[in-house]
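Undergrad: Before I ask anything, here is the structure I am working with.
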Amino acid sequence: GKFEVNEWGIMERFGLDRTNARERELILDAIHGDGAFKRFKEVITRMNLRVEWAYYSHAAVLDFARKWLEAQGIPYRKTT
């Protein structure tokens, strides 16, 4: 539904956000078909992007949580 974490979508956005065309191509190719999550992790490891991915995915999940809380009318404390 609307409020469901879509890890594949986060991986796709990470790939689409790459300014390096080769990185973008390798990531987007990796996330299709069976074994997409494993291939994605292998590709970002080879490209030394695991830390960047960790920050990116963390921010995406926090954004998801914020939107869900707001939609439910639940107050929350913003953190930096």
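Undergrad: For segment 20-51, which residues satisfy the criterion of being within 27 Å of Lys67 (Cα to Cα) and open to solvent by 90 Å² or more (accessible area, probe 1.4 Å)?
TA: Hits for segment 20-51 are Phe37, Arg50, Val51.
Undergrad: Under 9 Å between Cβ atoms, which residue pairs at least 6 apart in sequence (or on different chains) link something in segment 49-63 that is on the phi < 0 side of the Ramachandran plot and hydrophobic (A, V, I, L, M, F, W, C) with a partner that is in a loop (DSSP other than H, G, I, E, B) and loosely packed, with under 11 Cβ neighbours inside 10 Å?
TA: The qualifying pairs are Leu62/Thr79.
Undergrad: Does segment 24-37 include one or more residues that are in contact (Cβ under 8 Å) with a residue 24 or more places away in the chain and touching a helix residue (DSSP H, G or I) at 6+ places or on another chain (Cβ under 8 Å)?
TA: Yes, segment 24-37 contains a residue that is in contact (Cβ under 8 Å) with a residue 24 or more places away in the chain and touching a helix residue (DSSP H, G or I) at 6+ places or on another chain (Cβ under 8 Å).
Undergrad: Taking only segment 53-80 into account, find how many residues are farther than 12 Å from Met11 by Cα and surrounded by 14 or more Cβ atoms within 10 Å (Cβ to Cβ).
TA: So the count comes out to 2.
Undergrad: Asp29 versus (1) modelled with pLDDT under 95; (2) out of contact with any Phe, Trp or Tyr (no Cβ under 8 Å at 6 or more places or on another chain): which is the lone unmet condition?
TA: Here Asp29 meets the rest and fails (1).
The values are calculated or read from the model by the stated rules, or taken from the named source; none is laboratory data. Since this is a predicted model, take the numbers as computed values, not measurements. Glycine also receives a Cβ, built like all others from the backbone with ideal geometry; neighbour counts cover every protein chain displayed. When the accessible area is computed, the model is the full protein with side chains, heavy atoms only, and any ligands, DNA or RNA have been set aside. Shrake-Rupley method; radii C 1.70, N 1.55, O 1.52, S 1.80 Å.
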